[in-house]
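This report concerns only the one structure given below.
The values are calculated or read from the model by the stated rules, or taken from the named source; none is laboratory data. Here the structure is a predicted model, which means the values were calculated and not measured. Every residue, glycine as well, gets a Cβ built from its backbone with ideal geometry; the counts of neighbours run over all protein chains shown.
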Amino acid sequence: MRRHLTVLLFLVLVVLPAGAARGADDRNAVTWYHRAFERLERLSEADREVIFSYLDNPGAPPSPRLREALARAAPALDLMRRGSRQEYADSGLDYSQGFDMLLPHLAPMRTAAKIMQADALVRLHDGDWSAAADRIGVMYRVSEHCASDCILISSLVGAAIFRVGDAAAQHGFDRAVFSDLDCANMLRAMRGLETGDPFNTVESVVMEQELAITWLQKHLGTEASRQNVPDMFQWLVEDERAAAGLAQMTDDEFQAQLDAYDRGMDRFVEAVSMEDREEARAELQRLSEEISAGEHGFLASFLMPALDKYYDRMCDAKDQISRRAEMLRALATGRVRPEEEANAALYYARGIERLRKIKLERFEAVCAFETGRIAEPDEAMLATFEEGQGVVDLFREGAQKKRCDFAVLRPRRELPFCFDYLGGLRDAIRFLHADALRLLRAGEPGAAADRLAIGYRVVAHLEGDDPILSALLAHRIFDRTTEIAVSALTIDAFAAEQRATLLGAAERIGRKDPFGYISSLLGTRRPLGPALYEITSAGQFDREAYDATNATVKRWDGDQLLYMLAILDTMTRAGEDGESETDTEDHRFAPLADVISLSELEAVRREAAHIAPRLARGEIEIFDKGDITRFGRVAERMHSARGDLRRALAALRSPGRPAGAEAREASASPADAERP
């Protein structure tokens with residue numbers, strides 16, 4: 001079985017203290033980086049933990065403890081910044097050592113980048129946007145310097161550091177906070193990466209080719225040295241059979257194997273250097289098949305890297321940098337306004353935060369009006385509507401955005417079950433619906449249509465969110481928005497222009513996957529399989545069992561997935577709180593009472609005590625016997641989604657009254673006919 005060169009390098013890597021002596025050439029970026037590493041060694045584990053934990057949930061407000069830790073890291077970050085300004089970076093690597101070469105700088109380089117990412121995110125939170133852009137530029141330049149080692153693992157670390165910096169940049173773009181000068185400075189920092197091979201992947205492959213040949217000739221070039229393979233270099237071969245194959249080679253046979261490997265690597269380099277990607281992939285596929293068939297010899301079968309993976313990583317890096325550079329140019333030159341690249345989810349989050357400042361009893365009165373339990377708004381409620389217009393404005397602005405990524409509002413490592421923003425969205429749209437009803441009764445149909453159109457656009461944005469509850473929520477918002485709109489159409493409340501506004505907003509909702517049920521199933525299965533395997537594996541990785549677990553999860557329908565998420569959520573909360581959590585007043589779920597059954601969810605939570613031991617024993621086939629509590633009715637709702645969308649669009653397109661309007665009017669009371 002083939003071994004990746006990077007794996008070989010990792011297995012022999014011995015990390016020296018980051019502050020190992022280096023030449024004091026101040027023009028060399030590495031001089032400053034190692035001074036930074038020395039300062040980072042003084043940072044306590046507790047400080048590191050609080051910084052890295054923040055990166056799992058960067059949308060949360062920075063804590064005082066985080067700020068204290070970053071203040072202690074500031075001298076090291078200043079040194080990293082000084083190093084990034086240098087024109088070259090030379091780590092003084094001794095390539096003659098081959099696979100025995102030490103790379104002590106890579107681990108602290110990644111650590112420093114993550115700490116700088118946290119610092120940039122805090123500055124974004126504080127409104128210090130130019131300083132955040134400066135830190136992002138530092139990370140871009142550090143990633144370029146890291147890849148200058150021309151070693152595969154260094155190239156991979158360089159690409160990883162770029163992604164760390166770019167993730168911080170995306171937070172700024174989401175908020176539309178960077179000025180044209182900030183964008184120009186970040187673009188300038190990326191200048192050295194805008195090449196055909198930004199992280200020197202091809203040169204690194206060539207260098208590792210030379211390292212491998214030199215090292216193998218030095219350590220295994222004689223028949224006597226090859227006899228020691230099982231004892232000295234067990235990491236080099238996959239099994240005893242492979243070791244025996246090496247031991248039985250004559251010197252000429254071994255040299256022939258090296259030559260075959262060398263020619264194979266030359267083919268690899270030629271392929272990845274092609275301008276036509278499809279042609280390059282076809283050549284890599286041919287080469288991979290030849291290696292598997294043994295046409296390039298014994299050594300190539302476990303020394304050649306995973307050809308397609310390295311090429312794909314190189315292409316992905318090039319594309320990512322190209323897209324970011326183009327975006328920065330457009331922003332720096334004014335061709336694109338920052339607001340056009342903003343993330344709608346953050347506008348919604350601000351609107352939710354503003355809504356929660358309204359006193360609970362006043363908001364509950366609005367909800368009672370929306371559901372018809374209060375017939376008419378009194379002066380106090382009208383004052384609440386006036387206070388909430390800032391919420392409407394933020395939701396309107398967010399709903400107009402092209403891009404919406406709710407992932408920025410979720411802790412990174414949590415399974416996609418129920419997050420705080422889902423209940424917040426339900427409450428906010430409930431407020432918008434109530435406001436639409438108020439405006440219709442006040443004779444302001446244009447403003448009412450505006451509120452309902454916002455609801456439809458929020459549905460379109462929710463379609464791309466991973467949690468299954470997002471699809472259920474989108475469907476519920478759509479149904480209620482349509483109910484109000486059609487009721488108003490029944491009494492001819494909307495003019496043609498307002499009907500067009502509603503129809504245009506509703507047509508943003510996808511026909512292929514209405515409300516995002518299919519995408520949410522895929523988005524849930526992807527992390528749920530590995531999470532279940534981690535619970536059932538007892539710490540031992542077994543590829544066959546891992547694949548079987550994922551295959552099982554892929555067979556589950558939406559209700560089964562939602563059931564398992566509820567079980568795991570209950571187990572997690574019990575572990576955190578020391579007792580099982582079955583409180584239906586959980587703040588995450590209370591606003592979703594018309595989306596899922598809270599009483600049935602509580603019943604599922606009680607079942608967690610019986611399911612948890614089975615999962616611990618590795619039993620994930622828990623749906624074989626009997627039915628489950630389908631507290632979300634996912635399969636049922638998913639089945640009706642397309643028809644619900646089709647009927648709503650037909651009603652909004654109809655030039656006359658919706659079908660059945662006359663019958664509804666005949667059975668309605670005069671008071672009902674006067675208002676939706």
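Quick look at the numbers
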read-out	value
Boolean, residue 500 is touching a Leu at 6+ places or on another chain (Cβ under 7 Å), small (Gly, Ala, Ser), surrounded by fewer than 21 Cβ atoms within 10 Å (Cβ to Cβ) and in the same structural domain as residue 366 (by TED's automatic domain parsing)	no
Residue ID - farthest from residue 121 (Cα to Cα), chosen from residues in the stretch 376-435 that are of a type in the set (Phe, Trp, Tyr) and part of a helix (DSSP H, G or I)	385
Selection status of residue 73, free of Cβ contacts under 8 Å to residues at least 24 places away in the same chain, outside any loop (DSSP other than H, G, I, E, B) and either touching a Pro at 6+ places or on another chain (Cβ under 6 Å) or more than 22 Å from residue 147 (Cβ to Cβ) (or both)	no
Among residues of the stretch 531-545, those that are in a helix (DSSP H, G or I), more than 22 Å from the chain's Cα centre (by Cα) and not hydrophobic (A, V, I, L, M, F, W, C), counted	3
Verdict on residue 460 being farther than 19 Å from residue 385 by Cβ and hydrophobic (A, V, I, L, M, F, W, C)	yes
The stretch 19-47: number of residues that are under 17 Å from residue 78 (Cα atoms) and either at pLDDT below 85 or not in a loop (DSSP other than H, G, I, E, B) (or both)	14
Considering residues of the stretch 246-286 that are under 23 Å from residue 214 (Cα atoms) and polar (S, T, N, Q) only, the residue nearest to the chain's Cα centre (by Cα)	257
Any hit, the stretch 270-288, residues being modelled with pLDDT of 90 or more, closer than 30 Å to residue 164 by Cβ and part of a loop (DSSP other than H, G, I, E, B)	no
Subset of the stretch 327-361 [farther than 12 Å from residue 428 by Cβ, loosely packed, with under 15 Cβ neighbours inside 10 Å and over 23 Å from the mean Cα position of the chain (by Cα)]	329, 333, 334, 335, 337, 357, 359, 360, 361
Some residue of the stretch 457-475 being more than 28 Å from residue 653 (Cα to Cα), under 29 Å from the mean Cα position of the chain (by Cα) and not in a loop (DSSP other than H, G, I, E, B)	yes
